[in-house]
Structures are given as C-alpha cells and as structure tokens.
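Enquirer: Supplied in structure tokens, the structure appears directly below.
The values are calculated or read from the model by the stated rules, or taken from the named source; none is laboratory data. Predicted model, so just to flag it, every value in this text is computed and none were measured. Reconstructed Cβ throughout: ideal geometry from the backbone, glycine too, with neighbour counts over all protein chains shown.
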Amino acid sequence: MADLADAAGVSRGAVYGHYKNKIEVCLAMCDRAFGQIEVPDENARVPALDILLRAGMGFLRQCCEPGSVQRVLEILYLKCERSDENEPLLRRRELLEKQGQRFGLRQIRRAVERGELPARLDVELASIYLQSLWDGICGTLAWTERLRDDPWNRAERMFRAGLDSLRSSPYLLLADA
C-alpha cells in the first residue's frame, strides 16, 4: 500500500480511509493515470504513419519516464499476479492493451487505404508486430541500459525502422489469392 500511496501522492492513511480495499485503490490509480495518456488527434490530413509514430513515441515517454503512468504500469505488469482477487486489475490492463491495438489497427488500415502501406498488408499481423516492437522498445528503455546514450532518438529510430518494415517486409503480406 505504501507504493500505491506514494504513486498517488497521498498518505497511506488517506488510501486506507477512502477505499474499501486495495483493488479499489489500484483501479482508481489506473483510472487517474490512464486519463493522463495523450492520444494524438487522428486528423484526416495527417499521414496515418505519422500519427502512429507520434502516438507510439508519446506513449513510450509516458510509460518510461517517471510519473504516474509509469508507476501504475509497473504495478500492473510486475507486481500484479494472476489471481481471482486481481481480476479487475487484469481486465483494466487488458482494456488498455486492446485500446492500443484498436488504435494501431485503425491507423494501419488508414495507411493501407491511402496507399502509405501495401494493399496486401496483413493489417492484423502488422498491428501485432508493431505493438510487440513497441513493447520491446519500452522494455529496453525501462529495464536495461542498452539505450543509455541518446535513448529517445535511438528509440524513435527503432520505431521508425519498424514502421518502415510495414512497407517492405514480405512476411507481413497476405498470401496471394
């Protein structure tokens, strides 16, 4: 509970006094932190791949730089074990992942429709690939020193390489009909 109180910026007594149980506290923290996540405007004039890059890099910063989003994600992914008691938290985590997946799918579909990406692109696989790449970059930034020299520039270059592979990798294309 001390971690939760610190992350919320309140005393442990305030946490205990306001909520009936720790799951309610965690859910409230999730709501507060996830409410701070910035989603870029999906302006129809802006190329979809630019929106994906801006969204991916913005979310990376929110997840990896110190702050409430980073602390809540650390709790959800590293300290929240799979149990019946934690089921509401696991559902909240899954909802966040699905929102990211839907956003990515929407932008990839827009990019295909506008000719930014190949018409035969397997958008489902491309979205999973891109989210997996993002997860890997996030983990590298958060848990290793591999990108310690100029981390954000190097992370962006890696993410751009992933976006570029959506244009050129034959392994992300649907089979010929």
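Enquirer: Of the residues in region 167-177, how many are of a type outside the set (D, E, K, R) and touching a residue at least 24 places away in the same chain (Cβ under 8 Å)?
Expert: Total satisfying the criteria: 3.
Enquirer: Within region 162-177, take every residue that is in a helix (DSSP H, G or I) and farther than 15 Å from residue 116 by Cα and give me the one that is farthest from the chain's Cα centre (by Cα).
Expert: Taking the candidates together, the pick is 170.
Enquirer: Pairs needed: first member in region 60-81, over 17 Å from residue 28 (Cβ atoms); second member anywhere, at pLDDT below 75 and loosely packed, with under 14 Cβ neighbours inside 10 Å; C-beta distance under 9 Å; at least 6 residues apart or different chains.
Expert: Cβ pairs passing all conditions: 62/36; 62/38.
Enquirer: If you take the residues of region 101-150 that are farther than 22 Å from residue 44 by Cα and of a type in the set (Val, Ile, Thr), which of them is surrounded by the most Cβ atoms within 10 Å (Cβ to Cβ)?
Expert: For region 101-150, the residue satisfying everything is 137.
Enquirer: Tell me whether region 124-136 contains one or more residues that are charged (D, E, K, R), over 15 Å from residue 57 (Cα atoms) and more than 18 Å from the chain's Cα centre (by Cα).
Expert: No, every residue in region 124-136 fails to be charged (D, E, K, R), over 15 Å from residue 57 (Cα atoms) and more than 18 Å from the chain's Cα centre (by Cα).
Enquirer: Output the residue which, of all residues in region 111-157 that are of a type in the set (Gly, Ala, Ser) and in a helix (DSSP H, G or I), is farthest from residue 69 (Cα to Cα).
Expert: By that ranking, first place goes to 111.
Enquirer: Cβ-Cβ under 8 Å, sequence separation 6+ or interchain: first residue in region 143-166 and without any contact (Cβ under 8 Å) to a residue 60 or more places away in the chain, partner basic (Lys, Arg) and surrounded by 16 or more Cβ atoms within 10 Å (Cβ to Cβ). Which pairs?
Expert: 147/154
Enquirer: Turning to a different aspect of this structure: Which pairs turn up if I take residues in region 27-50 that are closer than 23 Å to residue 118 by Cβ and among the hydrophobic types (A, V, I, L, M, F, W, C) and look for partners that are modelled with pLDDT under 75 and part of a loop (DSSP other than H, G, I, E, B) with beta carbon separation below 9 Å, at least 6 apart in sequence or on another chain?
Expert: 46/40; 48/42
Enquirer: On to the next question. Quick check on residue 95: is it farther than 20 Å from residue 171 by Cα, not in a loop (DSSP other than H, G, I, E, B) and not charged (D, E, K, R)?
Expert: yes
Enquirer: Next question, about the same structure. Just to verify a result, which residue in region 83-119, among those that are among the small types (Gly, Ala, Ser) and closer than 17 Å to residue 131 by Cα, is modelled with the highest pLDDT?
Expert: 111
Enquirer: When only residues in region 33-70 that are β-branched (Val, Ile, Thr) and closer than 15 Å to residue 107 by Cα count, which is modelled with the lowest pLDDT?
Expert: Among those residues, the one meeting the criterion is 39.
Enquirer: So which residues in region 69-92 are assigned to a helix (DSSP H, G or I), among the hydrophobic types (A, V, I, L, M, F, W, C) and surrounded by 14 or more Cβ atoms within 10 Å (Cβ to Cβ)?
Expert: Matches in region 69-92: 69, 72, 73, 75, 76, 89, 90.
Enquirer: Residues being within 12 Å of residue 172 (Cα to Cα) and touching a residue at least 12 places away in the same chain (Cβ under 8 Å): count how many of those fall in region 109-127.
Expert: 10
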